[in-house]
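Here's the structure, in structure tokens; my notes come after.
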Amino acid sequence: MVLMSLCAWVLLFLFSRLGFGRDGGFNIKQHYTKQEVRVTMRDGVKLFTIVYAPKDTSQKYPILLTRTPYSVEPYGQNEFPKRLGLSEKFEEDGFIFVYQDVRGRYMSEGTFVDVRPILNKVGDNDIDETTDTYDTIDWLVRNVPNNNGKVGLTGISYPGFYTDCGLVRSHPALAAASPQAPIADEYMGDDAFHNGAFMLIANFSFFTSFVKQNNPARPTREGNFRYGTKDGYQFYLNLGSLDHADERYFHHRNPYWTGTMQHTTYDDFWQTRNVLPHLNAVSPTVLVVGGWFDAEDLSGTLKTFRAISAQSPQTADHLVMGPWVHGGWQGGSGARLGDVTFGANTADFFRDEMELPFFRHFLKGAPGAQLPKAYMFETGKNQWSKFNEWPLAAAKAQRLFLNGKGKLSFAEPEAASGFDEYVSDPGAPVPFYNKPVLDMQREYMIADQRFVRNRPDVLTYETDPLTQDVTIAGPISPALFVSTSGTDSDFDVKLIDVYPDDAPALGGYEQLVRGEPFRGKFRNGFENPEAFSAGAIEQIRFSMPDVYHCFLKGHRIMVQIQSSWFPLTDRNPQTFTDIPSAKPEQFVKATERVYRSHGSASFIEVNVLR
């Protein structure tokens with residue numbers, strides 16, 4: 001949801017919907033009618049809905065529905081977008097495309113609730129996003145002329161969350177759904193927090209534009225938030241405690257930001273917003289889609305697939321993971337990201353060979369759509385693979401141990417004692433990107449890490465050059481023995497692919513493969529934080545989202561550990577406290593130790609595919 005500012009996300013949405021940059025070709029207005037309707041929900045609230053239907057009535061068409069908090073513009077009976085559906089070929093193939101402003105946003109009535117909790121049970125007048133989806137589908141199949149009685153549901157990011165919700169107590173007409181990069185458990189690894197650390201730059205930039213509305217109201221063009229500088233690192237450093245954001249910028253008028261700041265543990269506020277426990281008895285066929293380099297909702301993608309597979313085993317569910325950023329399969333070729341190329345137009349291949357055949361088959365009865373359980377792109381080797389499961393049983397857990405002199409090895413250290421240490425200074429945190437930026441940079445997920453290699457507050461460990469390819473498939477699980485001179489600290493872990501210096505392209509490049517923060521006070525649970533005792537050795541263990549990556553022969557595997565990643569995450573003051581309201585004097589330097597002795601061996605567990 002918040003990888004980029006709302007303005008940037010809306011531009012991406014408009015690029016796909018309004019077709020900026022599209023040359024000639026299929027004319028929507030010549031081939032489709034447009035109808036603006038207000039669909040009444042069971043509690044009487046009316047949701048603004050736009051229906052685009054083919055003018056050719058010689059056959060019946062399925063309905064493809066997207067529900068969004070980002071506006072269904074263009075509004076107006078005679079205003080048409082330059083693109084409908086998920087790609088140009090969808091509009092040419094013929095569907096009834098339906099877009100809806102969700103409850104409380106833009107032209108829809110009612111009250112908006114950010115990531116509205118799903119009710120465990122619903123009575124006749126109880127509402128949540130599952131009932132709004134059900135009521136919308138029921139109205140559409142009863143009232144839209146020339147539909148074939150089958151409905152598809154899809155959406156990316158926040159609309160992906162609404163797609164997840166539509167799978168719960170779904171309408172019988174819902175035959176196929178594709179949640180793409182969905183928010184699933186916002187605190188636990190999606191947009192708001194990663195392992196207890198607040199995703200600062202993404203959330204701040206998002207909530208400068210995503211505000212409470214007095215609806216019904218059409219979008220306004222108020223322009224971007226003015227930072228007063230181009231140096232995002234210094235802007236967020238000058239912000240001080242997060243409470244200052246409300247005082248200086250939001251002025252307590254954005255309840256979504258304020259609510260986030262008031263709930264920094266995994267309390268009932270967040271637990272009730274977790275969609276995953278509700279994904280059982282799922283009736284439609286499901287295509288879950290995500291990108292390996294999605295900085296927002298990679299976790300939600302993988303967890304949605306796993307929840308359906310585990311809790312609704314009778315469901316025909318499929319997973320596609322490509323080398324994409326958040327929504328990167330929606331537009332563009334998918335041939336590269338930043339400096340790294342993928343050897344093919346991966347997004348074109350997905351749209352033409354997977355996505356369109358999926359909906360054609362399950363909504364129209366067309367042949368094709370022989371999708372495996374998991375269709376996964378292997379980064380490093382740059383090839384697609386088909387599997388009948390994910391994670392892979394054939395991928396066996398192995399441990400990469402931290403050793404002395406910066407060595408990383410599959411062999412456990414033999415030394416009776418040993419540690420590496422650094423001083424973490426919240427006044428000079430480790431940057432997440434190689435230049436100051438105001439907004440989330442999608443390339444950071446794959447960026448060269450050489451810019452921090454020589455910092456004294458970053459520990460670096462690497463293997464010798466590999467004598468054979470090493471493919472890692474599945475989650476990555478750090479287990480670190482640590483101590484701190486403070487009472488709280490972050491321990492951020494990065495897994496990196498180091499290219500040979502003489503590589504024909506990107507010689508010496510240190511490509512981030514996966515990285516995650518971990519806020520130390522949550523080492524024993526995210527509901528009840530616990531202070532560290534200064535100098536006491538404790539173990540922290542956590543899981544990082546899956547990868548499917550081949551470290552090629554001649555490359556090295558690198559692990560970096562640090563205690564800040566700024567302003568990707570907020571600063572830990574290294575004093576045990578409520579971080580948003582931390583006082584200036586509570587931001588203190590701390591000496592961090594990572595232990596690598598035989599009895600306290602720190603390691604990164606990976607799943608190696610042979």
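Per-structure values
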| read-out | value |
| --- | --- |
| Only listed residue being open to solvent by 20 Å² or more (accessible area, probe 1.4 Å), among the small types (Gly, Ala, Ser) and farther than 28 Å from LYS405 by Cα, chosen from ALA536, ALA582, ALA531 | ALA531 |
| Number of the condition not met by LEU276 [criteria: (1) out of contact with any helix residue (DSSP H, G or I) (no Cβ under 6 Å at 6 or more places or on another chain); (2) of a type in the set (A, V, I, L, M, F, W, C); (3) open to solvent by 10 Å² or more (accessible area, probe 1.4 Å)] | (1) |
| Test set (1) assigned to a loop (DSSP other than H, G, I, E, B); (2) at pLDDT 95 or above; (3) open to solvent by 30 Å² or more (accessible area, probe 1.4 Å) - GLN77 fails condition number | (2) |
| One residue from ASP23, ASP43, ASP56 being assigned to a loop (DSSP other than H, G, I, E, B), on the phi < 0 side of the Ramachandran plot, open to solvent by 50 Å² or more (accessible area, probe 1.4 Å) and modelled with pLDDT under 95 | ASP23 |
| Qualifying residues in segment 249-282 (those that are among the β-branched types (Val, Ile, Thr) and assigned to a helix (DSSP H, G or I)) - the one nearest to ASN120 (Cα to Cα) | THR260 |
| Qualifying residue in segment 478-490 (condition: open to solvent by 10 Å² or more (accessible area, probe 1.4 Å), assigned to a strand (DSSP E or B), touching a strand residue (DSSP E or B) at 6+ places or on another chain (Cβ under 7 Å) and hydrophobic (A, V, I, L, M, F, W, C)) | yes |
| Restricting segment 210-242 to residues that are hydroxyl-bearing (Ser, Thr, Tyr) and open to solvent by less than 30 Å² (accessible area, probe 1.4 Å), the residue that is farthest from ASN528 (Cα to Cα) | TYR236 |
| Contacts under 8 angstrom Cβ, first residue in segment 76-92 being within 14 Å of ALA53 (Cβ to Cβ), partner among the acidic types (Asp, Glu), 6 or more apart | GLN77/GLU36; LEU84/GLU91; GLY85/GLU91 |
| Qualifying residue in segment 438-445 (condition: basic (Lys, Arg) and over 29 Å from the mean Cα position of the chain (by Cα)) | no |
| Tally of residues being part of a helix (DSSP H, G or I), within 20 Å of LYS583 (Cβ to Cβ) and of a type in the set (Ser, Thr, Tyr) across segment 225-248 | 1 |
| Strands (runs of 3 or more DSSP E) completely within segment 534-610 that count 1 or more residues being touching a strand residue (DSSP E or B) at 6+ places or on another chain (Cβ under 9 Å) and of a type in the set (Phe, Trp, Tyr) | 544-551, 590-595, 603-609 |
| Among the candidates ARG105, ARG116, ARG67, residue that is open to solvent by less than 40 Å² (accessible area, probe 1.4 Å), in contact with a helix residue (DSSP H, G or I) (Cβ under 6 Å, 6 or more places away or on another chain), of a type in the set (Lys, Arg) and part of a loop (DSSP other than H, G, I, E, B) | ARG116 |
| LYS386 vs. criteria open to solvent by 60 Å² or more (accessible area, probe 1.4 Å), within 30 Å of HIS555 (Cα to Cα) and either in a strand (DSSP E or B) or among the hydrophobic types (A, V, I, L, M, F, W, C) (or both) | yes |
| Candidate set from segment 313-327 (those that are among the small types (Gly, Ala, Ser) and surrounded by 23 or more Cβ atoms within 10 Å (Cβ to Cβ)); member that is farthest from THR346 (Cα to Cα) | GLY327 |
| Residue match in segment 433-454 (condition: among the hydrophobic types (A, V, I, L, M, F, W, C), under 23 Å from VAL606 (Cα atoms), open to solvent by less than 60 Å² (accessible area, probe 1.4 Å) and part of a loop (DSSP other than H, G, I, E, B)) | yes |
| Condition broken by ILE201, with the remaining ones in (1) among the aliphatic types (A, V, I, L, M); (2) closer than 30 Å to HIS278 by Cα; (3) buried (at least 24 other Cβ atoms within 10 Å of the Cβ) satisfied | (2) |
| Pick from segment 392-417, criterion part of a loop (DSSP other than H, G, I, E, B) and open to solvent by 60 Å² or more (accessible area, probe 1.4 Å), ranking: modelled with the lowest pLDDT | ALA416 |
| Condition met for ALA245 (open to solvent by less than 60 Å² (accessible area, probe 1.4 Å), without any contact (Cβ under 8 Å) to a residue 60 or more places away in the chain and within 27 Å of ASP294 (Cα to Cα)) | yes |
| Residue that is least open to solvent (accessible area, probe 1.4 Å), among those in segment 491-503 that are part of a loop (DSSP other than H, G, I, E, B) and in contact with a strand residue (DSSP E or B) (Cβ under 9 Å, 6 or more places away or on another chain) | PHE491 |
| Any chance LEU242 is modelled with pLDDT of 95 or more and over 30 Å from HIS278 (Cβ atoms) | yes |
| Hits in segment 367-383 - residues which are in a loop (DSSP other than H, G, I, E, B), of a type outside the set (Gly, Ala, Ser) and modelled with pLDDT of 95 or more | LEU371, PRO372, LYS373, LYS381, ASN382 |
| So VAL559, is it under 22 Å from the mean Cα position of the chain (by Cα) and buried (at least 21 other Cβ atoms within 10 Å of the Cβ) | no |
| Some residue of segment 299-312 being part of a loop (DSSP other than H, G, I, E, B) and open to solvent by 10 Å² or more (accessible area, probe 1.4 Å) | no |
| GLY515, sole failed condition from (1) in contact with a helix residue (DSSP H, G or I) (Cβ under 9 Å, 6 or more places away or on another chain); (2) of a type outside the set (S, T, N, Q); (3) in a loop (DSSP other than H, G, I, E, B) | (3) |
| Checking LYS121 against (1) modelled with pLDDT under 95; (2) farther than 30 Å from GLY332 by Cβ; (3) touching a helix residue (DSSP H, G or I) at 6+ places or on another chain (Cβ under 9 Å), the condition it does not meet | (3) |
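The values are calculated or read from the model by the stated rules, or taken from the named source; none is laboratory data. Note that the coordinates shown come from a computational prediction; the quantities given were computed from them, not determined experimentally. Counting neighbours? That spans all protein chains shown, and the Cβs are built from the backbone with ideal geometry, glycine included. Side chains are part of the model used for accessible areas, which takes the heavy atoms of the whole protein and leaves out ligands, DNA and RNA. Shrake-Rupley method; radii C 1.70, N 1.55, O 1.52, S 1.80 Å.
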